[in-house]
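Undergrad: Submitted below is the structure of interest, expressed as structure tokens.
The values are calculated or read from the model by the stated rules, or taken from the named source; none is laboratory data. Everything quoted here is computed from the prediction, not taken from an experiment. Heads up, the Cβs are rebuilt from the backbone with ideal geometry, glycines too, and the neighbour counts pull from every protein chain shown.
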There are 2 protein chains.
Amino acid sequence: MQNTFSFQLLKKSAGSAARLGRLQTTRGAIDTPAFMPVGTQATVKTLTPEEVSQLGAEIILSNTYHLYLRPGTEVIAAAGGLHRFMNWERPVLTDSGGFQVFSLSSLRQVTDEGVQFRSHLDGSPHFLTPERSMEVQGVLGSDIAMAFDECSPYPCSYEEAVAAVERTALWAERCLKVSLPDSQVVFGIVQGGVFPELRSRSARLLTSMNFAGYAIGGLSVGEPKPMMYEILDRTTPLLPEDKPRYLMGVGSADCLWEGVRCGIDMFDCVLPTRVARNGTALTARGKVVIRNAEYALDFSPIEPGCSCYTCANFTRAYLRHLFKAGEILGHRLLTIHNLHFTLTLMKEIRKAILADTFESRHEEFKARYHSAKEL
Amino acid sequence: MQNTFSFQLLKKSAGSAARLGRLQTTRGAIDTPAFMPVGTQATVKTLTPEEVSQLGAEIILSNTYHLYLRPGTEVIAAAGGLHRFMNWERPVLTDSGGFQVFSLSSLRQVTDEGVQFRSHLDGSPHFLTPERSMEVQGVLGSDIAMAFDECSPYPCSYEEAVAAVERTALWAERCLKVSLPDSQVVFGIVQGGVFPELRSRSARLLTSMNFAGYAIGGLSVGEPKPMMYEILDRTTPLLPEDKPRYLMGVGSADCLWEGVRCGIDMFDCVLPTRVARNGTALTARGKVVIRNAEYALDFSPIEPGCSCYTCANFTRAYLRHLFKAGEILGHRLLTIHNLHFTLTLMKEIRKAILADTFESRHEEFKARYHSAKEL
């Protein structure tokens, strides 16, 4: 498959760093700013590929760590790659496994060579290196692969953050030397924790290498939101304007607006799908916790005016019943609503940038969202 | 809603008691012999109403016992009935709660008045009588309500079976005196365990009352299949030819063929949906246990030639992965396949009756099914 990857910057917002773009991959185009639903184990939880696509997702994220452990590369290679395995024809971005190795696995030991760890599934020992991560992503055949990085936790000492920045740069160079399928491009990841000068150093190191795009990693890992916004404000301008910028692990409405304001083009997060399965619906006026007794006799939709399948067909009272009764359909219906909410928000954000109303719409959103949270 | 209930007998098979019919209800027609998927808690587990309908289901069954306990009649009454609550516009048959009271609840005490029992959910005490069961079914607003009966277990003494037959008749009379919504009709239930003479007595008692249809209850409760077939062979001819006959709780392919052969028009069973969630797919050649290691690298569909959504889009290897990884999509996809399998089987049975090939097709099925089971 010949690679046709490109990023076109279509418009810059007048009053902020927000920007409208279009990412072209071999398997299709992605309008940016874009949100990528997460399909950790080769499925966006509870949904079929058709549903994900119909909800407006143009790209999904899948997890190298999980797929490497189960079903394993042998199965996915034999299937002809991840797209064919899961029957999703549109673009896929795979993370490198770095974040999961640091957050999920046990007994990990990090050296410059790589990470020795034990599987969270069965305790079996594994050794993941930058080279191995890229090889695995090559087998998965994602359209965008991520460089293998060391993600600093929060809180984290300055010295530890320095070490992660240096190691991430070392590993990034090694990742770029690995031969990948023609259809695949690689994004580098900027680390540096909550230390602006380390973010600058990491951005400088990474942008000196020729990645197809750049991600900001190690945010939304527990630090206060204002701190995240400040780092974003300072770091995003250090990334090349002509390449896509991806903020990893961020997906709440307020953070999506702020990320776009700082000039981010891509986001991913388990939040919309994960909270759905816990019975929480996202709306422009804050969260609806559907199990609450107040909804027992509420025959209105989750979000009046919402055009999603769930809101068009089912009431809060019914959804509450499904969750109280432990019915899978409830998980599906809230997942549909939450992805619709998030993907529609991105569409509105793109429209606003195009119409030069991004800043005023952002202010409106904040007023509505914050007053709702006080209710 | 004016009631337009009717049953039209379209054709009788030449070589057996199999018959083709059409059941007309206020909310739509049902071609018989028909299989009714079970939506215990106001949802056919894992599926949306559209999916159930697209799979070819013309009627579903829902459970009075479960809905009475949760969400309760207050919620469903306020929703405007079960159809609106769950957004299913086609016919619904509700069971009476009798079977569940006897099989699920604890500390039950049966008198001629009714059944005192404790909820399997929270241990709360309840008293269900024939009148109360019909009232609850009236609130649910099902198209077909079932009379409240006493279902004998297997094994069961002759004396106990006699008592259940007498009490079921007593209760049936009381059920018929309850005023119901115009859109609703009531079916009576023949009991009698595995004792042919008690089945005859129960059939005589019930058919002397004017029910809109007749069910055979208390079979498929643990007795050997040949015993069930014998009871069916003897009991079905005792039911009025011009009214629909419903065999409760039966849904495996071999039993559906046998039931139709004996002259049954309607079936319900949790089997296709329940085994799907355990990872078992139904096929014309027997069961496929999708977790089995032999499917890890099997990139064929569950059932080659099957036209269901699952078989058209996903491989055994992928389905196995979903089940191994505990992914809900696996439950959905096997539920779709199993309901497609069962509903398509009913369609083939109807075609065979129409084409006068029912008996030869039944023989073919048996040869294929039994040789497969020996593999």
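Undergrad: Among the listed residues B:ALA163, B:ALA77, which satisfies the condition of being within 14 Å of chain A (Cβ to nearest Cβ), surrounded by fewer than 22 Cβ atoms within 10 Å (Cβ to Cβ), out of contact with any Pro (no Cβ under 8 Å at 6 or more places or on another chain) and not aromatic (Phe, Trp, Tyr)?
TA: B:ALA77
Undergrad: Okay, moving on. Among the candidates A:ARG285, A:ARG277, A:ARG291, A:ARG261, single out the residue that is within 14 Å of chain B (Cβ to nearest Cβ) and in contact (Cβ under 8 Å) with a residue 60 or more places away in the chain.
TA: A:ARG277
Undergrad: Then there is this: From the list A:LEU238, A:LEU247, pick out the single residue that is touching a strand residue (DSSP E or B) at 6+ places or on another chain (Cβ under 9 Å) and crowded, with 24+ Cβ neighbours inside 10 Å.
TA: A:LEU247 is the lone residue from the list that is touching a strand residue (DSSP E or B) at 6+ places or on another chain (Cβ under 9 Å) and crowded, with 24+ Cβ neighbours inside 10 Å.
Undergrad: From the list B:ARG316, B:ARG332, B:ARG350, pick out the single residue that is basic (Lys, Arg), within 21 Å of the chain's Cα centre (by Cα), crowded, with 19+ Cβ neighbours inside 10 Å and more than 10 Å from chain A (Cβ to nearest Cβ).
TA: Only one candidate qualifies: B:ARG350.
Undergrad: So how many residues does region A:66-91 have that are of a type in the set (Val, Ile, Thr) and in contact (Cβ under 8 Å) with a residue 60 or more places away in the chain?
TA: 2
Undergrad: Just give me the residues in region B:239-253 being in contact (Cβ under 8 Å) with a residue 40 or more places away in the chain and of a type outside the set (Phe, Trp, Tyr), in sequence order.
TA: Within region B:239-253, B:LEU239, B:GLU241, B:ASP242, B:LYS243, B:PRO244, B:MET248, B:GLY249, B:GLY251, B:ALA253 meet the criteria.
Undergrad: Consider B:LEU170 against the criteria (1) of a type in the set (A, V, I, L, M, F, W, C); (2) modelled with pLDDT of 95 or more; (3) surrounded by 17 or more Cβ atoms within 10 Å (Cβ to Cβ): it satisfies all of them except one. Which criterion is unmet?
TA: All conditions pass for B:LEU170, except number (3).
Undergrad: Going by the conditions given, is A:ALA325 within 14 Å of chain B (Cβ to nearest Cβ), surrounded by fewer than 22 Cβ atoms within 10 Å (Cβ to Cβ) and free of Cβ contacts under 8 Å to residues at least 40 places away in the same chain?
TA: Answer is yes for this residue.
Undergrad: Report the residue count in region B:209-230 for those that are part of a helix (DSSP H, G or I) and touching a residue at least 40 places away in the same chain (Cβ under 8 Å).
TA: Final tally of qualifying residues: 0.
Undergrad: Here's something else I'd like to know. When you scan region B:15-22, do you find a residue that is buried (at least 17 other Cβ atoms within 10 Å of the Cβ), within 14 Å of chain A (Cβ to nearest Cβ) and of a type in the set (Gly, Ala, Ser), even just one?
TA: Within region B:15-22, none of the residues are buried (at least 17 other Cβ atoms within 10 Å of the Cβ), within 14 Å of chain A (Cβ to nearest Cβ) and of a type in the set (Gly, Ala, Ser).
Undergrad: Something else now. When the residues of region A:84-124 are filtered to those that are aromatic (Phe, Trp, Tyr) and in contact with a Gly (Cβ under 8 Å, 6 or more places away or on another chain), which remaining residue is modelled with the lowest pLDDT?
TA: A:PHE99
Undergrad: Could you say whether any residue in region B:31-49 is closer than 30 Å to B:LYS11 by Cβ and of a type in the set (D, E, K, R)?
TA: Yes.
Undergrad: I'm trying to understand the selection: among the residues of region B:174-208, which are in a loop (DSSP other than H, G, I, E, B) and touching a Leu at 6+ places or on another chain (Cβ under 6 Å)?
TA: Scanning region B:174-208 gives a single hit, B:GLY192.
Undergrad: Could you list, ordered by first residue, the pairs with Cβ atoms under 6 Å in which the first is in region A:9-29 and aliphatic (A, V, I, L, M) and the second is in a loop (DSSP other than H, G, I, E, B), at least 6 apart or interchain?
TA: Final answer for the pair search is A:ALA14/A:ASP356; A:ALA17/A:CYS262; A:ALA17/A:GLY263; A:LEU23/A:PRO244.
Undergrad: Please work out which residue is farthest from the chain's Cα centre (by Cα), limiting yourself to region B:233-282 and to residues that are closer than 19 Å to B:LEU354 by Cβ and among the hydrophobic types (A, V, I, L, M, F, W, C).
TA: B:CYS262
Undergrad: As an exercise: evaluate A:PRO196 against (1) in contact with a strand residue (DSSP E or B) (Cβ under 9 Å, 6 or more places away or on another chain); (2) over 15 Å from A:MET146 (Cβ atoms) and give the number of the one condition it does not meet.
TA: If we test A:PRO196 against (1) in contact with a strand residue (DSSP E or B) (Cβ under 9 Å, 6 or more places away or on another chain); (2) over 15 Å from A:MET146 (Cβ atoms), just (1) comes out false.
Undergrad: With the requirement that a residue be surrounded by 22 or more Cβ atoms within 10 Å (Cβ to Cβ) and more than 14 Å from chain B (Cβ to nearest Cβ), what does region A:80-99 give you?
TA: A:PRO91, A:VAL92, A:LEU93, A:THR94, A:ASP95, A:SER96, A:GLY97, A:GLY98, A:PHE99
Undergrad: Also, I was wondering about something else. Would you check which residues across region B:294-313 are within 13 Å of chain A (Cβ to nearest Cβ) and surrounded by 15 or more Cβ atoms within 10 Å (Cβ to Cβ) and list them?
TA: Result: B:TYR295, B:ALA296, B:LEU297, B:ASP298, B:PHE299, B:PRO301, B:CYS308, B:TYR309, B:THR310, B:CYS311, B:ASN313.
Undergrad: Being more than 17 Å from A:VAL270 (Cα to Cα), among the hydrophobic types (A, V, I, L, M, F, W, C) and in contact with a Leu (Cβ under 6 Å, 6 or more places away or on another chain) narrows it down to one residue among A:ALA29, A:ALA78; which is it?
TA: Result: A:ALA78 is the single residue among A:ALA29, A:ALA78 that is more than 17 Å from A:VAL270 (Cα to Cα), among the hydrophobic types (A, V, I, L, M, F, W, C) and in contact with a Leu (Cβ under 6 Å, 6 or more places away or on another chain).
Undergrad: Has region A:133-154 got at least one residue that is out of contact with any Ser or Thr (no Cβ under 9 Å at 6 or more places or on another chain), of a type outside the set (S, T, N, Q) and assigned to a helix (DSSP H, G or I)?
TA: The answer is no, given that none of the residues of region A:133-154 is out of contact with any Ser or Thr (no Cβ under 9 Å at 6 or more places or on another chain), of a type outside the set (S, T, N, Q) and assigned to a helix (DSSP H, G or I).
Undergrad: May I pose another question? For B:THR342, state whether it is within 27 Å of the chain's Cα centre (by Cα), surrounded by 20 or more Cβ atoms within 10 Å (Cβ to Cβ), within 12 Å of chain A (Cβ to nearest Cβ) and at pLDDT 95 or above. Even if it seems obvious, please write down each step before you answer.
TA: On the way: within 27 Å of the chain's Cα centre (by Cα): yes; surrounded by 20 or more Cβ atoms within 10 Å (Cβ to Cβ): yes; within 12 Å of chain A (Cβ to nearest Cβ): no; at pLDDT 95 or above: yes.
So B:THR342 fails the test.
Undergrad: Can you name the residue in region A:356-375 that is part of a loop (DSSP other than H, G, I, E, B) and out of contact with any helix residue (DSSP H, G or I) (no Cβ under 9 Å at 6 or more places or on another chain) and is also modelled with the highest pLDDT among such residues? Spell out how you get there, then give the answer.
TA: Initial filter on region A:356-375 (part of a loop (DSSP other than H, G, I, E, B)): A:356-357, A:375.
The next check asks that each one be out of contact with any helix residue (DSSP H, G or I) (no Cβ under 9 Å at 6 or more places or on another chain); those that pass are A:356, A:375.
Details: A:ASP356: 97, A:LEU375: 42.
Here the residue is A:ASP356.
Undergrad: Continuing with the same structure: Check whether at least one residue in region A:346-367 is closer than 27 Å to B:GLU89 by Cβ and touching a residue at least 40 places away in the same chain (Cβ under 8 Å), and report yes or no.
TA: Looking through region A:346-367, none of the residues is closer than 27 Å to B:GLU89 by Cβ and touching a residue at least 40 places away in the same chain (Cβ under 8 Å).
Undergrad: Can you report the number of residues in region B:32-55 which are of a type outside the set (Val, Ile, Thr) and over 15 Å from the mean Cα position of the chain (by Cα)?
TA: Of the residues in region B:32-55, the ones of a type outside the set (Val, Ile, Thr) are B:33-37, B:39, B:41-42, B:45, B:47, B:49-51, B:53-55.
When the remaining residues are screened for being over 15 Å from the mean Cα position of the chain (by Cα), the result is B:47, B:49-51, B:53-55.
Counting residues in region B:32-55 that are of a type outside the set (Val, Ile, Thr) and over 15 Å from the mean Cα position of the chain (by Cα) gives 7.
Undergrad: A:THR26 - would you say it is more than 30 Å from A:THR310 (Cβ to Cβ) and more than 14 Å from chain B (Cβ to nearest Cβ)? Explain how you work it out, then say what you get.
TA: Numbers: more than 30 Å from A:THR310 (Cβ to Cβ): yes; more than 14 Å from chain B (Cβ to nearest Cβ): yes.
Answer is yes for this residue.
Undergrad: Of all residues being surrounded by fewer than 24 Cβ atoms within 10 Å (Cβ to Cβ) and of a type in the set (S, T, N, Q) in region A:56-74, which is farthest from the chain's Cα centre (by Cα)? Just the residue, please.
TA: So the residue we want is A:THR73.
Undergrad: Next up: Quickly run through region A:1-45 and pick out the residues that are under 27 Å from B:THR315 (Cβ atoms), in contact with a helix residue (DSSP H, G or I) (Cβ under 6 Å, 6 or more places away or on another chain) and not small (Gly, Ala, Ser).
TA: The answer is A:PRO37, A:THR40, A:GLN41, A:THR43, A:VAL44, A:LYS45.
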